[in-house]
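The values are calculated or read from the model by the stated rules, or taken from the named source; none is laboratory data. Nothing here was measured: the structure is a model prediction, and the numbers come from that model. Here the Cβ is made from the backbone with ideal geometry for all residues, glycine too, and neighbour counts use every protein chain on show. What goes into the accessible areas is simple: the full protein's heavy atoms, side chains included, and nothing from ligands, DNA or RNA. Shrake-Rupley method; radii C 1.70, N 1.55, O 1.52, S 1.80 Å.
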Amino acid sequence: MFENSRIVLVNTSHPGNIGAAARAMKNMGLSRLYLVAPKEFPVYEAYSRAVGADDVLANAVVTETLAEALSGCVWVAGTSARERMVQWPTYEPRECAAICRDKSLQGDVAIVFGRERTGLTNEELEMCNGLVHIPTNAEYSSLNVAAAVQVLCYEVRMAFLSNPDVAVEKSRTQKEDMPATTDQLEGMYQHMYQMMQDIQFFSGSNPEVIMRRLKSLFNRAQTTKREVAILRGIFSAAQRKKSVRSR
Ligand code: SAH
């Protein structure tokens, strides 16, 4: 039921939180835990807090970067303890879980959780298609990270239980019309950046800000594999034209 759903913890400081998150996942039937550069892992404290969920910890995938943990994902939600003033679409946990369920027909989906003290960076949020905020008390909004994992995993479970057919139904979407994976988008961004440099688009403007806006656009649009191919074709054509002209 949940085989396409990943829970990703970024840079967790306290191994006890990793164990508690594993337990929260297993209670709700999820098992695919990804740990991006955990401060201490594997250690006893994580296993002791996981209680019977040591299998989730034993199978956890440890990566150095968030990009590696999201490799192959078709939809990614980033969690935030604050409601941010940004251009990302923001969902409540229930909406996020319904999207996860629907997108999981097309490939892996992930929910990303941040550092205990500082949450997720803007660069990390840029890799997400949407933000999810648990509507907590605005004066005391930050949950313990494992408690936040519990809330989201509960909603994912409820989303699947409320519509079990979706979980078994085979998607009829053609392969090319499936959402591009995070790696395919990353490749496209690099190509786009190179092309924009080649055609001297950035003169006077800040490339970082422009790229951030464009990433936000493509994440919102849920760009498909076919669209990525068309865009990259356009980038290559612009690059060829430029190199012919500058000869
Ligand atoms: N000061 C940090 C708090 C991080 S809390 C910040 O403002 O971002 C650690 C992690 O727990 C967050 O990165 C997020 O993954 C999760 N979390 C805590 N409270 C949350 C909430 N209300 N909604 C969604 N996620 C939350």
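State yes or no: is Leu57 within 13 Å of the chain's Cα centre (by Cα) and in the same structural domain as Arg157 (by TED's automatic domain parsing)? No: the conditions fail for Leu57.
Can you name every residue in the range 88-120 that is within 10 Å of the ligand (Cβ to nearest atom) and in a loop (DSSP other than H, G, I, E, B)? Selection gives Glu92, Gly114, Glu116, Arg117, Thr118, Leu120.
Which of (1) open to solvent by 50 Å² or more (accessible area, probe 1.4 Å); (2) outside any helix (DSSP H, G or I) does Ser205 not meet, given it meets every other one? Condition (1) is where Ser205 drops out.
One residue stands out in the range 121-159 among those that are within 7 Å of the ligand (Cβ to nearest atom), touching a strand residue (DSSP E or B) at 6+ places or on another chain (Cβ under 9 Å) and of a type outside the set (Val, Ile, Thr): the one that is most open to solvent (accessible area, probe 1.4 Å), namely Ser142.
Per-residue answers, yes or no, for (1) over 26 Å from Ala180 (Cβ atoms); (2) surrounded by 24 or more Cβ atoms within 10 Å (Cβ to Cβ):
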site	(1), (2)
Ser5	no, yes
Ile18	yes, yes
Glu40	yes, no
Arg49	yes, no
Asn59	yes, no
Thr63	no, no
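From the list Arg212, Arg232, Arg220, Arg226, which residue is touching a His at 6+ places or on another chain (Cβ under 7 Å) and either in a helix (DSSP H, G or I) or not polar (S, T, N, Q) (or both)? If you could, list the steps in order and put the result at the bottom.
On the way: Arg212 fails: touching a His at 6+ places or on another chain (Cβ under 7 Å); Arg220 fails: touching a His at 6+ places or on another chain (Cβ under 7 Å); Arg226 fails: touching a His at 6+ places or on another chain (Cβ under 7 Å).
Of the residues listed, the single one that is touching a His at 6+ places or on another chain (Cβ under 7 Å) and either in a helix (DSSP H, G or I) or not polar (S, T, N, Q) (or both) is Arg232.
Go through the range 102-119 and count every residue that is modelled with pLDDT of 95 or more and in contact with a Phe, Trp or Tyr (Cβ under 8 Å, 6 or more places away or on another chain).
2
Applying a threshold of 9 Å to beta carbon distances and a minimum spacing of six or more residues, or different chains, the list of pairs starting in the range 35-61 at a residue that is in contact (Cβ under 8 Å) with a residue 24 or more places away in the chain and ending at one that is among the aromatic types (Phe, Trp, Tyr) and buried (at least 17 other Cβ atoms within 10 Å of the Cβ) reads Leu35/Phe41; Asp54/Tyr47; Leu57/Phe41; Leu57/Tyr47; Ala60/Tyr34; Ala60/Phe41; Val61/Tyr34.
Within the range 30-51, the set of residues being assigned to a loop (DSSP other than H, G, I, E, B), under 21 Å from the mean Cα position of the chain (by Cα) and farther than 27 Å from Leu161 by Cβ comprises Ala37, Pro38, Lys39.
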